[in-house]
Amino acid sequence: MCVSSCLNAQRTAGSVLRNVTGQFNLGPDIFPRPWRLQIAARTDGWVEFLLESVPTVAPRVPWLVSRNRRTLAEPIRTRAVITPDVAAKMAQTLDSLLSYRVRGAAQAITLLHLDSIPNSNSMFYVFAHEVFAPLPGLHDTTASIGFAGCVGWPEAGVAETGSGFADDTNIAELRRLSRSIRLASLLSTGRRSELRVPVEVSADEAGCAARPMGNNPVPSYPTGQWDRFGTQRVSLDAVIDTTGRIDPSSVVGVAGAAPFMQNAQEALLNWRFYPAMMAPRRPVRQRMHFEVLFDRKEPQTESEENLLLAAAGQRGADMLIIARPPST
């Protein structure tokens, strides 16, 4: 459902002003996870699509990485920018599609496809399908429009890759989507400058935030230190460079006892990430705040995990790492 079609000025990475022309709630009719789609005209002359999940545990949830689990941070966000002429063509294609009537098998058409992330289908991918003629008793055609972001399968489950308008969405609602895209195109036309990629961004500013690859080594509890230290938590800041590695010169220990901080840093310097992106094939350095929990045992239930994640998110962590428990 479109919850906002009026202009709303907001700022994004690099202090670019965004005039929001449309905001839509997606799901959870298709998948159990709710999503938002926002369309905006930027003052640098580009049209922006922002697709993000709506967290249910807390407003901001960091990554969770342990020796057995890896869950995505939320909101899961993709920020894609396109030229005004591409946006105008997209709106035109969508209008044409919504005027088309089919009475047989489902048909599909790709509206926008921006290749970027090495392990994923796209940075932003919009598709439409199941456009049917009105059924008896219905006054309008129905359609399904789907949006997939920069996190792809098998890195994430299907519900975490994107969402869309439900199959029973009224065509009038989808026409409002088309008008939002067209308005953003008109507001941006004639002002476009070269897309400036910042030297360094936060996870919130990135087009697609850095994500850890699988099988990264988690830190271990220092041997023989449990009786002396018990439960410990360390926090540190670091920058993930454009090759997907942590820049050693950027690592800063924020808080934590020395032996735990050392184990955390040594482990993280061996990690690999998919680097952050600001545009297709344009990686960017990203700052990240890590929190590492050293405890006697790992969380045993989803509720325990959620409590830890919510608390870490409140402290500003981008990632919560659960260290290997002490061996004795």
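Throughout, read-outs are computed from the coordinates displayed, never taken from laboratory work. Values in this document were obtained by computation on a predicted structure and should not be read as measured data. Please note: Cβ atoms are built from the backbone with ideal geometry, for glycine as well, and neighbour counts cover all protein chains shown.
Take the Cβ atoms of V86 and M213, set R0 to 30 Å, and the FRET efficiency comes out at 0.45. With both labels modelled 7 Å from their Cα along Cα-to-Cβ, the V57 to R272 distance reads 2.6 nm. Between N68 and E302, the simple spin-label model (points 7 angstrom out along Cα→Cβ) gives 1.6 nm.
What order do you get for 80-88, 40-48 when each peptide is scored by the mean count of other beta carbon atoms within 10 Å, highest first?
Working: 80-88: 20.8, 40-48: 23.7.
Listed from highest to lowest mean packing, they are 40-48, 80-88.
You can think of it this way: the chain between R245 and Q225 has 4.2 nm of extra reach, that is 0.36 nm per residue less the Cα-Cα gap.
Remark: the range 37-42, residue by residue, has Karplus-estimated 3J(HN,Hα) of 10, 10, 10, 8, 9, 9 Hz, where x stands for each Gly or Pro and the curve is 6.51 cos²θ - 1.76 cosθ + 1.60 at θ = phi - 60°.
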